[in-house]
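The values are calculated or read from the model by the stated rules, or taken from the named source; none is laboratory data. Note that this is a predicted model, so its numbers are computed, not measured. Because the Cβ atoms are built from the backbone with ideal geometry, glycine has one as well, and the counts that use them run over all protein chains shown.
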Amino acid sequence: MIDLRSDTVTKPSDGMRRAMAEAVVGDDVYGEDPTVNLLQERSAETFSKEAALFVPSGTMGNQIAVKVHTRPGDEMIIEERCHIFNYEVGASAIIAGVTIRPVKSGDGSGILTWDDVESAISTDGIYDHTQTGLLCLENTLNLAGGRVMSAERCAELAEKAHERGIPVHLDGARIFNAAVASSTTVSELTKNCDSVQFCLSKGLGAPVGSVLVGSHEFINESRVWRKRLGGGMRQAGVLAAAGIIALDESPKRLHEDHTNARTLAEGIAEIPGIALDLRTVETNIVIFDVAGTGRTSAEICSDLKEKGILASGFGTRIRIVTHLDFHADKIQTVLDGMRVSCAGS
Ligand code: TLP
C-alpha cells in the first residue's frame, strides 16, 4: 500500500528501533528517566524555551496547554480550521471547561491577522460576554493544506495578544515543516508564544510522542495535568530514544516531502474536475476538491484503495500527506491511479 492518509503512518527506522532497544531508562513519573530528560532538554534548547515535557500525543500536549493557560468559563480564540477545535473530540470543553470562538481569517488563507483576532476578543464583559482566556494558533495549518504562518506574523499576534493580557499557545504539530518551508528556525517561528506543542510522530517519523515547551512554571503545572490525564509514562525512555533521533535527523530531510507534495499537487491539479489551488501547497499536505469530477471523495478514495493507494476523503475534498516512507519513485503510480479514479473508469 502507498499510504498517503497522513504523516502519522511512518514506521520507526532501523536506527530508531536500535536506539529504543538500547535506551537507558528510569521511572519518568519520578523524573528519573535519563533518555526522557535528554529529549526534554534538547527540545527546550531547540525552541529557546525554559523547559519541556514529553507527552504521549499531540492532542494531550494541546489539551494540557489549554487547561494550564485558562480558567473554566474562559473563551479561547482559534482559527476555525484548527485541530484543537475540529479533531480533539471536544476535549477543551470537558477538560478545561472553556468555550471556543472560532475565527475565519479575513483573506480565507487560514493565516490570521491581528484584525481577525482583535475583533473576536472579549475582555470587558461580566454579564454578557465570556472572557477571552487564550489565543491558539496552528503552524503549519493542517486543514488549510499545510500552510505556513511566518515568524513575523506569529510574533506580532503573540505580542499584541500579550498587550491585551491574553496568553498564546501554538499547536506546532508540524512546526519543523513550517521552519523548513520558510528557511528559518522553530525557535524564530514560535518566539513570543507562551507554549508550543510539537509532534515527534508526524513528519519527524517517531512512532509515538509529542513535546510541550514553555516556561518552568508552565511546564511544572503541565506535569501535574499530564499525570491527572493518565499521561505519566514510566520507562518512557524507550519512546524518547526514537524521539531524539527524530529531532536530530528528520528536520534536514523534510524538504524532500515538500518537493514530493508539490510534484503530486502539480499533477493532480491537471486532472479534469479537480480544484486545487497550488498556492496552498507550501509543505507536505495537499488538499483538493473533487466536486467537479462528478464523483464523491468516498468513491474516489475507495477506487484508489483498490489500486493500493490510501488517501483521506472528507466532504468534497481529499487530503494526501507526504512523509518519510513515501518516495518520489511512487509519484507516477499515484498520479495514474488518481486520474483513473477521478474519471470513474
Ligand atoms: N492530526 C492527524 C488527524 O488527527 C487529523 C493528521 O492525520 O493530520 N495538531 C495537529 C495540527 C494535527 O494535525 C494533529 C494530528 C494533532 C494536533 C494531534 O496529534 P495526535 O494525533 O498525536 O494526538
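Checking the structure you have, find out if any residue of the range 209-229 is within 16 Å of the ligand (Cβ to nearest atom) and touching a His at 6+ places or on another chain (Cβ under 8 Å).
For the range 209-229, residues within 16 Å of the ligand (Cβ to nearest atom) and touching a His at 6+ places or on another chain (Cβ under 8 Å): absent.
Give the residues of the range 24-60 that are surrounded by fewer than 21 Cβ atoms within 10 Å (Cβ to Cβ), of a type outside the set (Lys, Arg), within 19 Å of Gln235 (Cα to Cα) and out of contact with any Lys or Arg (no Cβ under 8 Å at 6 or more places or on another chain), sorted by residue number.
Those that are surrounded by fewer than 21 Cβ atoms within 10 Å (Cβ to Cβ), of a type outside the set (Lys, Arg), within 19 Å of Gln235 (Cα to Cα) and out of contact with any Lys or Arg (no Cβ under 8 Å at 6 or more places or on another chain): Val24, Val25, Gly26, Tyr30, Gly31, Glu32, Pro34, Asn37, Leu38, Glu41, Pro56, Ser57.
Restricting attention to the range 91-116, which residues are farther than 27 Å from Glu282 by Cα and assigned to a helix (DSSP H, G or I)?
Across the range 91-116, the qualifying residues are Ala91, Ser92, Ala93, Ile94, Ile95, Ala96.
Within the range 107-120, identify whether any single residue is acidic (Asp, Glu), at pLDDT below 95 and in the same structural domain as Leu229 (by TED's automatic domain parsing), and answer yes or no.
The answer is yes; a qualifying residue exists.
Residues of the range 296-345 being in a loop (DSSP other than H, G, I, E, B) and either surrounded by fewer than 19 Cβ atoms within 10 Å (Cβ to Cβ) or acidic (Asp, Glu) (or both), which ones?
Within the range 296-345, the first condition is being in a loop (DSSP other than H, G, I, E, B), and the residues that meet it are 296, 307-308, 311, 315-316, 322-327, 344-345.
Those that are in a loop (DSSP other than H, G, I, E, B) and either surrounded by fewer than 19 Cβ atoms within 10 Å (Cβ to Cβ) or acidic (Asp, Glu) (or both): Thr296, Lys307, Gly308, Gly315, Thr316, Asp325, His327, Gly344, Ser345.
Given the options Leu157, Leu204, name the one that is in the same structural domain as Glu41 (by TED's automatic domain parsing), away from the ligand (no atom under 16 Å from the Cβ) and crowded, with 18+ Cβ neighbours inside 10 Å. Before the answer, list the steps.
Working: Leu204 fails: away from the ligand (no atom under 16 Å from the Cβ).
Exactly one residue qualifies, and that residue is Leu157.
Name the pairs: first residue in the range 80-99 and in the same structural domain as Phe198 (by TED's automatic domain parsing) and at positive phi, second residue more than 14 Å from the ligand (Cβ to nearest atom) and assigned to a loop (DSSP other than H, G, I, E, B), Cβ to Cβ under 6 Å, at least 6 apart or on different chains?
Between residues of the range 80-99 that are in the same structural domain as Phe198 (by TED's automatic domain parsing) and at positive phi and residues that are more than 14 Å from the ligand (Cβ to nearest atom) and assigned to a loop (DSSP other than H, G, I, E, B), the close pairs are Gly97/Pro72.
Of the residues in the range 61-78, how many are crowded, with 18+ Cβ neighbours inside 10 Å and either away from the ligand (no atom under 16 Å from the Cβ) or in a strand (DSSP E or B) (or both)? Give the steps one after another, and end with the answer.
Just the residues of the range 61-78 that are crowded, with 18+ Cβ neighbours inside 10 Å, to begin with: 61-70, 74-78.
Right, trim to either away from the ligand (no atom under 16 Å from the Cβ) or in a strand (DSSP E or B) (or both) and you get 68-70, 74-78.
Count: 8.
Restricting the search to the range 25-44, which residues are under 20 Å from the mean Cα position of the chain (by Cα) and either away from the ligand (no atom under 16 Å from the Cβ) or not aliphatic (A, V, I, L, M) (or both)? Step through it out loud before you land on a result.
Residues of the range 25-44 under 20 Å from the mean Cα position of the chain (by Cα): 39-40, 42-44.
Hits for the range 25-44 are Gln40, Arg42, Ser43, Ala44.
Can you name every residue in the range 294-320 that is at negative phi and within 16 Å of the ligand (Cβ to nearest atom)? Even if it seems obvious, please write down each step before you answer.
Within the range 294-320, the subset at negative phi is 295-307, 309-314, 316-320.
Answer for the range 294-320, where residues must be at negative phi and within 16 Å of the ligand (Cβ to nearest atom): Ser297, Cys301, Leu310, Ala311, Ser312, Gly313, Phe314, Arg317, Ile318, Arg319, Ile320.
Go through the range 160-179 and give me each residue that's crowded, with 22+ Cβ neighbours inside 10 Å and either assigned to a helix (DSSP H, G or I) or outside the structural domain of Glu75 (by TED's automatic domain parsing) (or both).
Ala161, Ile175, Phe176, Asn177, Ala178, Ala179
Output the number of residues of the range 56-114 satisfying the condition of being acidic (Asp, Glu) and in contact with a strand residue (DSSP E or B) (Cβ under 9 Å, 6 or more places away or on another chain). So that I can check it myself, show each step before the final result.
Our first condition is that a residue be acidic (Asp, Glu); within the range 56-114, this holds for 74-75, 79-80, 88, 107.
Cutting the leftovers down to in contact with a strand residue (DSSP E or B) (Cβ under 9 Å, 6 or more places away or on another chain) gives us 74-75, 79-80.
Result for the range 56-114: 4.
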